[in-house]
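**Q** Shown below is the structure under consideration.
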Amino acid sequence: MPVETHGGQTGETMKTTLKKFACGLAATLLLGAGLAKAQSDYPNRVIHFVVGFAAGGGNDLFARLVVQKFQQNTGWNAIIENKVGAGGRLSSEFVAKQPADGYTVLVGATGQMSIAAAIYPNLGYHPTKSFIPLNMIASFPLVLVVPLDHPAKNVAELVAWAKANPDKSNYGTSSPAFTIASELLKLKTGMPGVAIPYKSSNESNLSVLAGQTLFTISDGPPAIPLVTGGKTRALAVTGSERSPELPNVPSMAEAGFPEVNTQLWSGFFVPTGTPDAIVAKLTAELAKALADAGVRESLAKMAVKPGGPTGAEFGKYIDADIKTFSDVVQAAKLTFQ
């Protein structure tokens, strides 16, 4: 007859329970050891850096520049993959669904991260909930440009002219980022302005050159050559600092409009759940690559400010971005397809 033990269990039942517990504990310890070994061995295969835009574009060039130095410094194998579509959102959705093991890194930009979170209510990911921010690669202001022969010589004069000529006040834009920046200027100054869509920021700048639009606020690469070549006039750059590429052009803060502070950026991200040890290792090595004098010089030549916040501070920066962009979208009653 089986002997009962405390709690009503028989001796045989207790043995079975203890055996199951021991097996479970052993499995847990083995799994923990396996995870620890995987983290200590990281990386033991190729790291994929996923860019959401075509080869040759700004974010692609940023990634290739930094990842090349990253490989040289570490000896690790890494490749760039271009997954193009939906303004970069396709690549973000792809990386968010990958294993959180440090072998898939997103090269994310403002448009597909902060701005997408502010304008698309059904976005399939969130920049700081679906991802762990690693390092900002670079940031850059936008440039407010008008026709060379326009009477406005500064932002205040442009605002006054637009208010006096509302039927002639329009602006060229080729993306939500530029639309939001332009609408923010309107909200902070009270000036009117109708958006005229273009396929690229280069076309937007050419529309100003041709006198088809009153102004455009765009990224530097298409705007700066026209300004320095005496084809158009830059009235300000967004934010509180002047652009090294346009040293004689005031910042929006200097022009009297400090709240017109739109900055775009690019950075590295991994899926949420990636082990802390791997996050720390990636962040440190990417920081070393970004600190390289040659990398910083090459980035600066692309009219961007190298480096920026990392980790939690980068995450706070992005969350603040989302709040700012969301406020503009709501105040200006903007809708995007």
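**Q** So how many residues does region 109-163 have that are farther than 23 Å from residue 220 by Cα, among the polar types (S, T, N, Q) and in contact (Cβ under 8 Å) with a residue 24 or more places away in the chain?
**A** Within region 109-163, residues that are farther than 23 Å from residue 220 by Cα, among the polar types (S, T, N, Q) and in contact (Cβ under 8 Å) with a residue 24 or more places away in the chain number 2.
**Q** Give the residues of region 247-280 that are surrounded by fewer than 16 Cβ atoms within 10 Å (Cβ to Cβ), farther than 30 Å from residue 156 by Cα and either at pLDDT below 95 or in contact with a helix residue (DSSP H, G or I) (Cβ under 6 Å, 6 or more places away or on another chain) (or both), sorted by residue number.
**A** Result: 277, single match.
**Q** Hey, can you tell me all the residues within region 183-218 that are touching a residue at least 60 places away in the same chain (Cβ under 8 Å) and among the hydrophobic types (A, V, I, L, M, F, W, C)? Talk me through it step by step, then tell me what you get.
**A** Here is the first cut: in region 183-218, the residues touching a residue at least 60 places away in the same chain (Cβ under 8 Å) are 183-189, 205, 208-209, 211, 214-218.
184, 185, 187, 208, 209, 214, 215, 217, listed by residue number.
**Q** While we're on this one: Could you please let me know if residue 115 is among the aliphatic types (A, V, I, L, M) and either over 23 Å from residue 178 (Cα atoms) or out of contact with any Pro (no Cβ under 7 Å at 6 or more places or on another chain) (or both)?
**A** Numbers: among the aliphatic types (A, V, I, L, M): yes; either over 23 Å from residue 178 (Cα atoms) or out of contact with any Pro (no Cβ under 7 Å at 6 or more places or on another chain) (or both): no.
Considered against the rule, which asks whether it is among the aliphatic types (A, V, I, L, M) and either over 23 Å from residue 178 (Cα atoms) or out of contact with any Pro (no Cβ under 7 Å at 6 or more places or on another chain) (or both), residue 115 comes out as no.
**Q** To continue, here is another question. Return the residue satisfying two criteria in turn: it lies in region 90-104 and is more than 17 Å from the chain's Cα centre (by Cα) and small (Gly, Ala, Ser), and of such residues it is surrounded by the most Cβ atoms within 10 Å (Cβ to Cβ). It would help to see each step written out before you state the result.
**A** Keep residues of region 90-104 that are more than 17 Å from the chain's Cα centre (by Cα), which gives 97-103.
Those left that are additionally small (Gly, Ala, Ser): 100, 102.
On the way: 100: 17, 102: 20.
Among residues in region 90-104 that are more than 17 Å from the chain's Cα centre (by Cα) and small (Gly, Ala, Ser), the one surrounded by the most Cβ atoms within 10 Å (Cβ to Cβ) is 102.
**Q** Now, a different point. I'm told residue 76 meets every condition in (1) more than 21 Å from residue 42 (Cβ to Cβ); (2) surrounded by fewer than 20 Cβ atoms within 10 Å (Cβ to Cβ) except one. Can you identify the failing condition by its number?
**A** Going through (1) more than 21 Å from residue 42 (Cβ to Cβ); (2) surrounded by fewer than 20 Cβ atoms within 10 Å (Cβ to Cβ) one by one, residue 76 breaks only (1).
**Q** OK, next. Among the residues that make up region 236-259, is at least one of them farther than 12 Å from residue 133 by Cα, of a type in the set (Gly, Ala, Ser) and assigned to a helix (DSSP H, G or I)?
**A** First pass over region 236-259, keeping only residues farther than 12 Å from residue 133 by Cα: 236-259.
Within this subset, residues satisfying the condition of being of a type in the set (Gly, Ala, Ser) are 236, 239-240, 243, 251, 253, 255-256.
Then keep just the ones that are assigned to a helix (DSSP H, G or I); that gives none.
Scanning region 236-259, I find no residue that is farther than 12 Å from residue 133 by Cα, of a type in the set (Gly, Ala, Ser) and assigned to a helix (DSSP H, G or I), so the answer is no.
**Q** Here's something else I'd like to know. Among the residues of region 206-221, write down those that are under 24 Å from residue 168 (Cα atoms) and out of contact with any Phe, Trp or Tyr (no Cβ under 9 Å at 6 or more places or on another chain). It would help to see each step written out before you state the result.
**A** So in region 206-221, the residues under 24 Å from residue 168 (Cα atoms) come out as 206-219.
Answer for region 206-221, where residues must be under 24 Å from residue 168 (Cα atoms) and out of contact with any Phe, Trp or Tyr (no Cβ under 9 Å at 6 or more places or on another chain): 209, 210, 211, 212.
**Q** One residue is enough: does region 236-244 have a residue meeting the conditions buried (at least 20 other Cβ atoms within 10 Å of the Cβ) and touching a Phe, Trp or Tyr at 6+ places or on another chain (Cβ under 6 Å)?
**A** No, region 236-244 has no match at all.
**Q** Give 297, 285, 313 a once-over and let me know the one that is part of a helix (DSSP H, G or I) and within 16 Å of the chain's Cα centre (by Cα).
**A** Values: 297 fails: within 16 Å of the chain's Cα centre (by Cα); 285 fails: within 16 Å of the chain's Cα centre (by Cα).
None of the others qualify; the one that does is 313.
**Q** Confirm whether residue 332 is among the hydrophobic types (A, V, I, L, M, F, W, C) and touching a Lys or Arg at 6+ places or on another chain (Cβ under 8 Å). Give the steps one after another, and end with the answer.
**A** Numbers: among the hydrophobic types (A, V, I, L, M, F, W, C): yes; touching a Lys or Arg at 6+ places or on another chain (Cβ under 8 Å): yes.
It is true that residue 332 is among the hydrophobic types (A, V, I, L, M, F, W, C) and touching a Lys or Arg at 6+ places or on another chain (Cβ under 8 Å).
**Q** While we're on this one: Do you know which of the residues in region 79-89 that are among the aliphatic types (A, V, I, L, M) and out of contact with any strand residue (DSSP E or B) (no Cβ under 8 Å at 6 or more places or on another chain) is surrounded by the fewest Cβ atoms within 10 Å (Cβ to Cβ)?
**A** Step one: list which residues in region 79-89 are among the aliphatic types (A, V, I, L, M), which gives 79-80, 84, 86.
Next, only the ones that are out of contact with any strand residue (DSSP E or B) (no Cβ under 8 Å at 6 or more places or on another chain) stay: 84, 86.
Numbers: 84: 15, 86: 13.
Result: 86.
**Q** In region 139-219, which strands (runs of 3 or more DSSP E) lie fully inside it and hold 2 or more residues that are crowded, with 20+ Cβ neighbours inside 10 Å? Give the steps one after another, and end with the answer.
**A** On the way: elements: 143-147, 170-173, 194-197, 215-218.
Correct list: 143-147, 170-173, 215-218.
The values are calculated or read from the model by the stated rules, or taken from the named source; none is laboratory data. Keep in mind that this is a model prediction, so the values were computed, not measured. Quick reminder, even Gly has a Cβ in these numbers, built from the backbone with ideal geometry, and neighbours come from all protein chains shown.
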